[in-house]
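The structure appears below as structure tokens.
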Amino acid sequence: MNMMQVIRTRKTCREFTDEPVTKDQIRTILEAANAAPIGMHDYEAIEISVITDRSKIDRIDALAGPNAGRMGTGPTYKAPVLILLSGEESGIERGTAYCNAAGIIENMALAATDLGLGSGYILGVVKALQSHPELFAELGVDDGYVPVSAMTLGHAADVTLLTAEREPTISNFVTHFVE
Ligand SMILES: Cc1cc2nc3c(=O)[nH]c(=O)nc-3n(C[C@H](O)[C@H](O)[C@H](O)COP(=O)(O)O)c2cc1C
């Protein structure tokens, strides 16, 4: 796929198979993360936890509750991998933590699409996690960092999700041409 095909094919995946994601695939996803833009070249602003422990993902899911997911499964949709991004506390108020995370997640989602893997931007777990700092250490969140965004990763139950390109459009967003 060329770049525009990858962009058109990326879609949020909300149903995954149990097939595990390989270490090589995770490495490629992390390479994409590490190539993302980051405010002020400050790579310390974000830390990444790659969570593959089923019990931990299920626990996060239970904390957020079924209403945070669209299919009654909880917001992680039983994905085999949850990649949690945590931002330095100082970047929360300024918003940079969330902006950094968004760029990183989009890079990872595009790489996942190119690998034929499903992914999804999941903000639905963040509020619940932020109110449970006692869990931070076991989720790989260091002192001084707070979870700000997450991405699910796995094999899509419906493979057509990752083969069908969306119709090109420039009208989803209201756009003003100021000429
Ligand atoms: C900041 C942000 C937060 C999101 N949080 C969730 C979420 O918690 N749960 C979910 O199912 N989808 C979530 N999404 C995915 C959007 O619902 C999805 O991107 C949108 O409906 C467009 O669909 P597409 O990704 O298939 O193009 C989020 C997307 C963004 C950008």
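Please treat every number below as a calculation from the coordinates, not as lab data. These numbers were taken from a predicted model, which means no experiment stands behind them. Cβ placement follows ideal geometry from the backbone for every residue including glycine, while neighbour counts extend to all protein chains displayed.
Alpha carbon centre of segment 124-142 versus segment 23-44: separation in Å?
21 Å
Quick check on the exposure proxy: order V159, V21 from fewest to most C-beta atoms within 10 angstrom.
Working: V159 12, V21 21.
Ascending number of Cβ neighbours within 10 Å: V159, V21.
What is the magnitude of the charge dipole of the chain about its Cα centre, with +1 placed on the Cβ of each Lys and Arg, -1 on the Cβ of each Asp and Glu, and no other charges, expressed in debye to the nearest 20? List each step's numbers first, then the result.
Working: 14 positive and 24 negative charges, 123 e Å.
Computed about the Cα centre, the dipole is about 600 debye.
May I ask for the longest run of the chain untouched by chymotrypsin sites (Phe, Trp or Tyr not before Pro) that are loop-located per DSSP and have at most 16 neighbouring C-beta atoms (other than their own) within 10 Å?
Numbers: sites that count: F173, F177.
Excluding the exposed sites themselves, the longest stretch runs over 1-172.
Enumerate the lysines that K23 could reach by cross-link, defined here as Cα to Cα under 27 Å, with residues fewer than 8 away along the same chain left out.
Within the straight-line limit of under 27 Å, K23 reaches these lysines: K11, K56, K78.
Per 0.36 nm of contour for each residue apart, how much would the distance between D58 and T12 grow if the chain were fully extended, relative to their Cα-Cα spacing?
Working: separation 46, 0.36 × 46 = 16.56 nm, distance 1.95 nm.
Net length gain for the segment: 14.6 nm.
Could you check how many percent of all C-alpha pairs in the chain are farther apart than 19 Å?
Roughly 58 percent, rounded to a whole number.
Determine, from the Cβ-Cβ distance of H132 and Y98 and an R0 of 22 Å, the FRET efficiency 1/(1 + (r/R0)^6), rounded to the nearest 0.05.
Working: r = 19 Å, r/R0 = 0.86.
Computed FRET efficiency for H132 and Y98: 0.70.
Run the quick spin-label model on I170 and E31: label points 7 Å from Cα toward the beta carbon, then report their separation in nm to one decimal.
Using points 7 Å along Cα→Cβ, the separation is 3.3 nm.
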